[in-house]
1. Just going by the charge dipole of the chain, with Lys and Arg at +1 and Asp and Glu at -1 on Cβ, which of CYS245, GLN310, ILE171 is farthest out on the positive end?
2. For THR292 and ASP246, calculate 0.36 nm times their separation in residues minus their Cα-Cα distance, and state this gained length in nm to one decimal.
3. Counting other Cβ atoms within 10 Å, which GluC sites (Glu not before Pro) in segment 42-102 have at most 12 and lie in a DSSP loop?
4. Could you work out how far the C-alpha centroid of segment 181-209 sits from that of segment 57-103, in angstrom?
5. With both bridge residues required to lie in the chain, what share of the DSSP beta bridges run antiparallel, to the nearest 5%?
6. Over the Cα atoms of segment 157-265, Rg to Rh with Kirkwood Rh, two decimal places?
7. What does the chain give for Rg and for Dmax, in Å, if only its C-alpha atoms count?
8. Take the alpha-carbon positions of segment 16-140, form their convex hull, and give its projected area averaged over all directions (one quarter of the hull surface) in nm².
Amino acid sequence: MNSVSSLPPLLQVEGVCKDFRARGALWRDSTSIRAVDGVSFSMQRSETLAVVGESGSGKSTLGRAILQLDPPTAGSVRFDGAELTGLDETRLRPFRKRMQMIFQDPFGSLNPRMTVRAILAEPFQIHGLAGNRAALEAEVRRLLDAVRLPAMAADRYPRQFSGGQRQRISIARALALRPDFIVADEPVSALDVSIQAQILKLLKELQAEFKLSYLFIAHDLAVVRHIADRVAVMYFGRVVEIAPCDALYETPLHPYTSALLDASPVPDPAVEAQRHRITLTGEVPSPARPPTGCPFHTRCPRAEGLCREQLPPLAERFSGHAVACHFPNR
Ligand SMILES: Nc1ncnc2c1ncn2[C@@H]1O[C@H](COP(=O)(O)OP(=O)(O)O)[C@@H](O)[C@H]1O
Ligand SMILES: [Mg+2]
């Protein structure tokens, strides 16, 4: 055994829930909706776990809850062995440096009035690590270099760059404080397909270079196929299937996963032949009125009485491959 395997997992998420107050017309009507419902998994160093599901399934909320940007209502988040929930901002500070987030819309998340130099210098200033001017300039150079942008980019403003270049700038900013964990929230969803491939390649190279772990959020299984080590499929705030990447694409166990795969075809006839063809109809139920039993039963072609009555627990069927379904595929 090497020394790495004796370290605790980088991230341990246990029973994480996030409730939001959903306001009615009157303040008295205020009820609570559960956006994330009892999510548990762990991640190793340098691993990429993709979190995939339709819009509204709770992916962003989960990412923000893990980073304590919007702390969980219940459950535990351990980072490098340390419990993060319940820590005040001062105690979170050393962890904030190590955990960063990249967003879908790099334009929205980059201040249009700041030069790229100022954008990249800001994390150092916030954490009191700016040093002298020359040291800061060297850091800016290092970061631009890391994301393959020329040094002269430092003097420009975000609007002077294309969407893909802007995403490189956000990635550079996320890398500033040498994090070991990054939540990438649909980082390529807003980009053209050809640009998507370039950014995914960059993220992969940076992962090897800086030993990064990614929680990579996407709404499309095709996007994460070549970047993820494992995939967690979310539906209605829960993980309904989690598996190593190959197992998930080749032998999906949850009918929802099969449906998502059908929505993004794989160019492999052998895989296509084994498909349990399911087309998704209808919509994700409203979290204000959660269905009884399995939340997928309202859209599932295989649903039976049991599915309407009992919530299936996430249970391991094969090594590392767990599913929450009363009647999984095969
Ligand atoms: N700040 C908030 N206040 C109230 N409800 C929210 C808030 N953020 C998210 N939600 C609700 O939580 C659910 C999950 O949202 P989200 O995490 O954004 O899903 P995803 O990222 O998978 O699209 C949705 O029903 C959404 O409307
Ligand atoms: Mg989202």
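1. Value: ILE171.
2. 13.4 nm
3. Hits after loop and neighbour filter: nothing returned.
4. Cα centroid to Cα centroid, the span is 22 Å.
5. Antiparallel bridges make up about 60 percent of those DSSP assigns within the chain.
6. Looking at segment 157-265, the ratio lands at 1.00.
7. Cα-based Rg and Dmax for the chain come out at 20.9, 69 Å.
8. Approximately 11.0 nm², given one-decimal rounding.
Quick note: the coordinates plus some simple rules give every number you see, no bench work behind them. These numbers come from a predicted model, not from an experiment. For neighbour counting, all protein chains shown are included, and Cβ atoms are generated from backbone atoms with ideal geometry for every residue, glycine included.
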